[in-house]
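**Student:** Handing you this structure, nothing more for now.
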Amino acid sequence: MAFSNLIDAFRPADGPPPKTLWRFCVWALSGGWGIIGMAGILSMLVGLMEVFAFFIVGWLIDFVLAQEPSTLFADNWLLFAGIAFFFVVARPFFMWLSAAVQNLSVQNNIFPLILSRLHRYTLGQSARFFDDDFAGRIAQKQQQTARSLTDVISEMLQAGGFASASVVGAAAGLAVVNIWLGLSVAIWAIITFYVVRWFMPRIRLRSKHRAASRAQVTGQIVDTITNIRTVKLFAHGDFEDRTALETLKEYRIIGLAFSNLTVAFRATVMTLAGLLPVLLIGGSLYLWTLGIATPGDIATSAMIATRLAQMTGWVSFTALGIFANIGEVEDGVRTLSRSHEVVDRANSKELQSIAAPIRYEDITFAYGGEGRALAGFNLAIEAGEKVGIVGRSGSGKSTAVSLLLRLYDVEGGRITIGGEDIRDLTQDSLRHQIAMVTQDAAMFNRPAYDNIRYGRPDATDAEVIDAAKRAEADAFIQGLKDYKGRTGYDAFLGERGVKLSGGQRQRIALARAILKDAPVLILDEATSALDSEVEAAIQASLTDLMDGKTVLAIAHRLSTLAEMDRIVVLDQGRIIEEGSHDGLLAKGGLYAQLWARQSGGFIRPDLAAE
């Protein structure tokens, strides 16, 4: 247990992840470098002890040959006891210690350390970051980067420190025995180093391409599975299969290029591995014929040559894995270290409550493109006022709400609360003061309890059930049952709430908003998926929920906005009309036209063409 807690596996990182490989590694592993260094030293110590063991055996052979057999043990029992202690106690102890630090302290802690940091940073990305990518691909990148960097550190500790210490120790020790043997090992090591140096950058680059292609495959498959109902409704199983096959074909081609290079690397390294025993064993035998080397020297050279030759195969696999994983880390860094678009400014204030006017001041926003979702948009909402927002699809209604929530930052103008620019407020404190019910209500694959309690995590079960009852959700929740037999409020809702109808999801989202009880309420087509009977049943709850709150309500079903204090009409990112329901009907403008369409009134041919 002591070894497992040497690294704090969930320690937050300092600042954002850097965009270069080495600095990213320093950021990802900060707080663990001391223990990683300790593990490296222990690994090298074990490697030196391994070589030392070979020299002990060689020296022992020469020593025994020079002794009288009948008194060998009687005269040298203390020496043999010391050698036995080394092999039975000291060497296994340091091997155990090295393994304990590597496995318990390093491997089991740095993966959650890296992944928690990447996930925490990714959660802070703007909505645009997630709009532009596959959810599965982002998750794959997080897992891939954390796993690959963990493997790099683990393999460098297990093989890098051990192997380098073994080679250096062997060369130095053999040089003491005979300079030519030591020089042979040194030259072989230098040649091997340059072979690895030539191959590894190329392997790293191809590994990076392979990782990017694999993430694309994952993203494509996850996207298909996430939308499986649409796939089946349009009978496009064959189409999705062909799409996946095309992506897999590209991955296969990239994978073959990677594999061809690794096969060439393995063949070259194994040839070098076969050369070492020839050099050392043949060289020591030749030196023995000259009377320069002893039988113990021959045995030591043979053991070292055999061990290093075997180790070369292991190290080549390890080096291959290290550089392949480095390529995958680089690919992950390219995606995950992207700077946050929406950030809290230095010295941002905590918003305690929204009891002041909300103002949109000359807002311009185009989602980073050339068009205009909002252009010269101005709107003032008094505290406690209930404002309806209507307009054709694409007129900017949801964009206006997203900007208030700072899911995106305005590209021009500003939004203020009580005269304070919302960019000078912390994002979390701003969003804590706003409750929202959307048309496409998002659900987690968690119990109904947890989905509703998301509105206020410290709510009791009784408060959760009360909110569900007010949202007319209690009855259908009581009848839920998941595949593990969990029922009612304990039943899991499936990915994205797939087990529920649209109306049921909206009622759970409404219960969540009731539980949150924030001073600002945003209803974005909040009752669009409800039938008229259910909508009428929860109307009293909605009226109660809106009481005393500042409300922004977006609706295509205009009858739901008739009781708003004011209705604003958007077209092409601008407010073109505003007023009460009756006043807007009297104007005969766009609102009156939309109302006529919904109420079955006469529609002029020129309007029908719009």
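Computed from the coordinates by the stated procedures, all read-outs in this text should not be read as laboratory data. Every value quoted in this text rests on a predicted model; they were computed, and no experiment measured them. All Cβ positions, even for glycine, are placed from backbone atoms using ideal geometry, and neighbour counts span all protein chains on display.
**Student:** To the nearest 10 degrees, how steep is helix 72-85 against the longest Cα principal axis of the chain, on a 0 to 90 scale?
**Tutor:** Between the helix axis and the principal axis of the chain, the angle is about 10 degrees.
**Student:** Here is a further query. Between Thr71 and Ile292, what FRET efficiency follows from the Cβ-Cβ distance if R0 is 45 Å, with the result rounded to 0.05? Write out the running numbers ahead of the final one.
**Tutor:** Numbers: r = 30 Å, r/R0 = 0.66.
With R0 = 45 Å, the Cβ-Cβ based efficiency is 0.90.
**Student:** Given bins 20 angstrom wide, list per bin the percent of all Cα-Cα distances in the chain, short to long.
**Tutor:** Each 20 Å bin holds this share of Cα pairs: 15, 36, 26, 15, 7, 1, 0.
**Student:** Would you mind calculating the gained length between Val64 and Lys19 on full extension (0.36 nm times residue separation, minus the Cα-Cα distance), in nm to one decimal?
**Tutor:** Numbers: separation 45, 0.36 × 45 = 16.20 nm, distance 6.06 nm.
In short, 10.1 nm is gained.
**Student:** Mind pulling up the Rg/Rh value for the stretch 188-253? Radius of gyration and Kirkwood radius, both on Cα. List each step's numbers first, then the result.
**Tutor:** Numbers: Rg = 19.0 Å, Rh = 14.3 Å.
Rg divided by Rh gives 1.33.
**Student:** Multiply the residue separation of Asp362 and Asp440 by 0.36 nm, subtract the distance between their alpha-carbon atoms, and state the gained length in nm to one decimal. Intermediate values should be presented prior to the final figure.
**Tutor:** Values: separation 78, 0.36 × 78 = 28.08 nm, distance 2.89 nm.
Going from the current span to full extension adds 25.2 nm.
**Student:** Treat each spin label as a single point 7 Å out from the Cα along the C-beta direction, and report the Lys481 to Asp544 distance in nm.
**Tutor:** In this crude label model, Lys481 to Asp544 measures out at 3.1 nm.
**Student:** Cα axis of helix 91-100 to longest principal axis of the chain: angle in degrees, 0 to 90, nearest 10?
**Tutor:** That works out to roughly 10 degrees.
**Student:** Lysines near Lys249 by alpha-carbon distance under 22 Å, same-chain residues fewer than 8 away left out - which ones?
**Tutor:** Output for Lys249: Lys141, Lys208.
**Student:** Between Asp223 and Arg120, with labels modelled 7 Å along Cα→Cβ, what's the label distance in nm to one decimal, could you check?
**Tutor:** 3.2
**Student:** For the stretch 132-190 and the stretch 453-524, write down the distance between their C-alpha centroids in whole Å.
**Tutor:** Cα centres, the stretch 132-190 to the stretch 453-524: 53 Å.
**Student:** I've got another one for you. Select from Ala66, Thr268, Asn378 the residue farthest towards the positive end of the dipole of the chain; place +1 on Cβ of Lys and Arg, -1 on Cβ of Asp and Glu, and compute about the Cα centre.
**Tutor:** Ala66
**Student:** For the chain, what is the charge dipole size about the Cα centre, in debye to the nearest 20, if Lys and Arg each add +1 at the Cβ and Asp and Glu each add -1 at the Cβ?
**Tutor:** Details: 58 positive and 62 negative charges, 281 e Å.
So the dipole magnitude of the chain works out to roughly 1340 debye.
**Student:** What is the dipole size for the stretch 295-391, taken about its Cα centre, with +1 at each Lys and Arg Cβ and -1 at each Asp and Glu Cβ, in debye to the nearest 20? All intermediate terms of the calculation are to be shown ahead of the outcome.
**Tutor:** On the way: 8 positive and 12 negative charges, 26 e Å.
Dipole size: approximately 120 debye.
**Student:** A further question on this structure: Given Cβ point charges of +1 (Lys, Arg) and -1 (Asp, Glu) and nothing else, what value in debye, to the nearest 20, does the dipole of the stretch 195-243 about its Cα centre take? Mind dumping the intermediate values first?
**Tutor:** Details: 10 positive and 4 negative charges, 114 e Å.
Charge dipole, the stretch 195-243, about its Cα centre: 540 debye, nearest 20.
**Student:** What is the spin-label model distance, in nm, from Lys232 to Glu341 if the labels are put 7 Å beyond Cα along the C-beta direction?
**Tutor:** 3.5
**Student:** In degrees between 0 and 90, to the nearest 10, how far off the longest principal axis of the chain does helix 461-470 point, with axes built from Cα atoms?
**Tutor:** On a 0 to 90 degree scale, this one is about 40.
**Student:** Another one. To the nearest 0.05, how large is the calculated FRET efficiency for Val176 and Ala53 if R₀ is 22 Å and r is the Cβ-Cβ distance? All intermediate terms of the calculation are to be shown ahead of the outcome.
**Tutor:** Working: r = 16 Å, r/R0 = 0.72.
So the FRET efficiency works out to roughly 0.85.
**Student:** May I ask you to evaluate 6.51 cos²θ - 1.76 cosθ + 1.60, the Karplus curve with θ = phi - 60°, for each residue of the stretch 201-212 and list the ³J(HN,Hα) values in order in whole Hz, giving x for glycine and proline?
**Tutor:** x, 6, 5, 4, 5, 5, 5, 4, 5, 5, 4, 5
**Student:** Another question about this same structure. Starting from the Cα-Cα distance between Tyr194 and Val263, subtract it from 0.36 nm times their residue separation and give me the gain in nm to one decimal. Present the calculation step by step, with values, prior to reporting the outcome.
**Tutor:** On the way: separation 69, 0.36 × 69 = 24.84 nm, distance 1.72 nm.
Length difference between fully extended and current span is 23.1 nm.
**Student:** Whole angstrom only: what separates the Cα centroid of the stretch 192-243 from the Cα centroid of the stretch 395-434?
**Tutor:** 37
**Student:** If R0 is 25 Å, what FRET efficiency do you get for Gln593 and Glu563 from their C-beta distance, rounded to 0.05?
**Tutor:** Working: r = 21 Å, r/R0 = 0.84.
After rounding, the FRET efficiency stands at 0.75.
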